[in-house]
1. Go through (1) open to solvent by 40 Å² or more (accessible area, probe 1.4 Å); (2) part of a strand (DSSP E or B) for ARG342 and report which single condition fails.
2. Which number in (1) closer than 20 Å to MET190 by Cβ; (2) in a strand (DSSP E or B) marks the one condition that PHE247 misses?
3. What are the pairs with Cβ atoms under 6 angstrom where one residue, in the range 106-131, is within 15 Å of GLU321 (Cβ to Cβ) and the other, located anywhere, is open to solvent by 30 Å² or more (accessible area, probe 1.4 Å)? Sequence gap at least six, or different chains.
4. Those residues that are touching a helix residue (DSSP H, G or I) at 6+ places or on another chain (Cβ under 9 Å) and open to solvent by 20 Å² or more (accessible area, probe 1.4 Å), I need them from the range 303-316; list them, please.
5. Test each condition in (1) in contact with a helix residue (DSSP H, G or I) (Cβ under 9 Å, 6 or more places away or on another chain); (2) surrounded by fewer than 21 Cβ atoms within 10 Å (Cβ to Cβ) for MET181 and report the one that comes out false.
6. Filter the range 256-278 for residues that are in a strand (DSSP E or B) and open to solvent by 30 Å² or more (accessible area, probe 1.4 Å); which is farthest from the ligand (Cβ to nearest atom)?
7. How about the range 56-66: which of its residues are open to solvent by 60 Å² or more (accessible area, probe 1.4 Å) and at pLDDT below 85?
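The values are calculated or read from the model by the stated rules, or taken from the named source; none is laboratory data. Predicted model only: the values in this text are computed from it and were never measured. Quick reminder, even Gly has a Cβ in these numbers, built from the backbone with ideal geometry, and neighbours come from all protein chains shown. All accessible areas refer to the heavy atoms of the entire protein, side chains included, with ligands and DNA or RNA removed. Shrake-Rupley method; radii C 1.70, N 1.55, O 1.52, S 1.80 Å.
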Amino acid sequence: MKQQLEQIRLQAMAALEAADSPAALEELRVKWLGKKGELTAVLKMMGKLSAEERPVMGQLANSVRADIEAKLEERKAAIHSAVLEAKLASEALDVTIPGDTVTMGHQHPMNMVLQQIKEIFVGLGYQVVDGPEVELADYNFTRLNIEEGHPSRDRSDTFYFSDDDSVLLRTQTSPMQIRFMENNKPPLCMLAPGRVFRKDEADATHSPMFHQIEGLVVDEHITMGDLKGALVAIMKKIYGEDSQMRFRPHHFPFTEPSCEMDMQCHKCHGTGEVDGHVCSTCHGEGWIELLGAGMVHPEVLKCCGIDPEKYSGFAFGMGLERMAMGRMRINDLRLIFDNDIRFLNQF
Ligand code: PHE
């Protein structure tokens with residue numbers, strides 16, 4: 001029996017040493033120590049031993065069991081760390097490999113200028129609103145005092161959706177004046193930027209789609225002086241304190257009196273010439289047109305339910321592309337819409 005036990009110890013040690021997975025270890029544990037295992041089988045024969053032999057064999061059997069258990073634990077730990085090592089090795093990351101660089105974009109120059117303009121107006125208490133690009137002729141023309149037959153209503157200038165010319169792509173942001181006055185009571189202070197559409201061929205200064213920013217202020221005692229003061233202050237914020245402005249009389253059906261506002265050309269300083277050549281920025285004009293404006297026509301106020309005897313107001317509409325071109329020294333409108341990255345990267 002002693003020989004049998006020593007045999008078990010030797011075989012078990014060798015087998016355990018060779019085992020290389022947790023499953024193989026478990027199989028061996030059952031084989032040697034399990035209820036039907038070899039050590040158990042030997043112990044069952046203990047009853048046949050003499051009284052002197054029994055404790056000696058008992059002790060030996062216990063030490064074999066303890067050795068096998070200790071070896072099992074040792075192998076378990078060794079296999080566990082080997083598996084871990086292998087996993088770490090196979091999943092190793094080389095953190096020194098350069099990553100994929102993500103090129104960060106930035107706002108489109110038009111949005112930069114729009115954002116800046118909005119911030120200035122919000123600082124002056126204007127409420128920024130949005131309106132529909134598909135508009136009713138009623139809002140785009142009729143209620144702005146633009147009568148049937150007016151040239152701007154012509155099919156060759158306006159994108160109409162319906163045969164009866166009642167639905168169109170707005171040609172200006174001025175319909176937002178009506179929409180705002182319909183839903184709000186004075187005092188009013190509105191800014192409405194957005195896209196407008198006209199049947200124009202694209203060239204350096206025209207595009208069938210462009211952006212306007214409409215402004216409207218209505219309160220008691222608003223005068224042309226308020227219009228001039230507000231617009232000059234705003235333009236100086238955008239173009240610099242030393243920029244020169246002028247107002248010219250003009251005509252719009254929905255304002256009376258009406259005017260246009262020009263800024264002195266920043267390139268030729270109003271002379272129209274640079275080094276003996278016609279200034280390319282203002283085409284020799286000396287001035288750059290910025291916007292149309294005027295005192296809201298009493299008929300327009302009336303049709304929105306505002307008493308023109310009590311209230312008066314001013315409105316203006318500026319071209320955003322034109323503002324951006326002046327602000328960022330862009331000489332061709334098409335560049336703004338081309339989305340050429342070489343152009344956009346310059347801002
Ligand atoms: N809507 C006019 C245009 O597109 C500009 C304008 C706006 C004029 C508001 C006066 C008042 O030309």
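1. Result: ARG342 passes all but (2).
2. Unmet condition: (1).
3. Listed by first residue and then by second, the contacts come to PRO109/MET328; PRO109/PHE347; VAL113/ARG327.
4. Selection gives CYS303, GLY305, ASP307, PRO308, GLU309, TYR311, SER312.
5. (2)
6. Selected residue: HIS277.
7. VAL56
Residue by residue, here is whether (1) outside any strand (DSSP E or B); (2) hydroxyl-bearing (Ser, Thr, Tyr); (3) surrounded by 15 or more Cβ atoms within 10 Å (Cβ to Cβ); (4) in contact (Cβ under 8 Å) with a residue 24 or more places away in the chain holds:
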| position | (1), (2), (3), (4) |
| --- | --- |
| SER280 | yes, yes, no, yes |
| GLU285 | yes, no, yes, no |
| GLU289 | no, no, yes, yes |
| GLY294 | no, no, yes, yes |
| LEU301 | yes, no, yes, yes |
| ARG322 | yes, no, yes, yes |
| ILE336 | yes, no, yes, yes |
| GLN346 | yes, no, no, no |
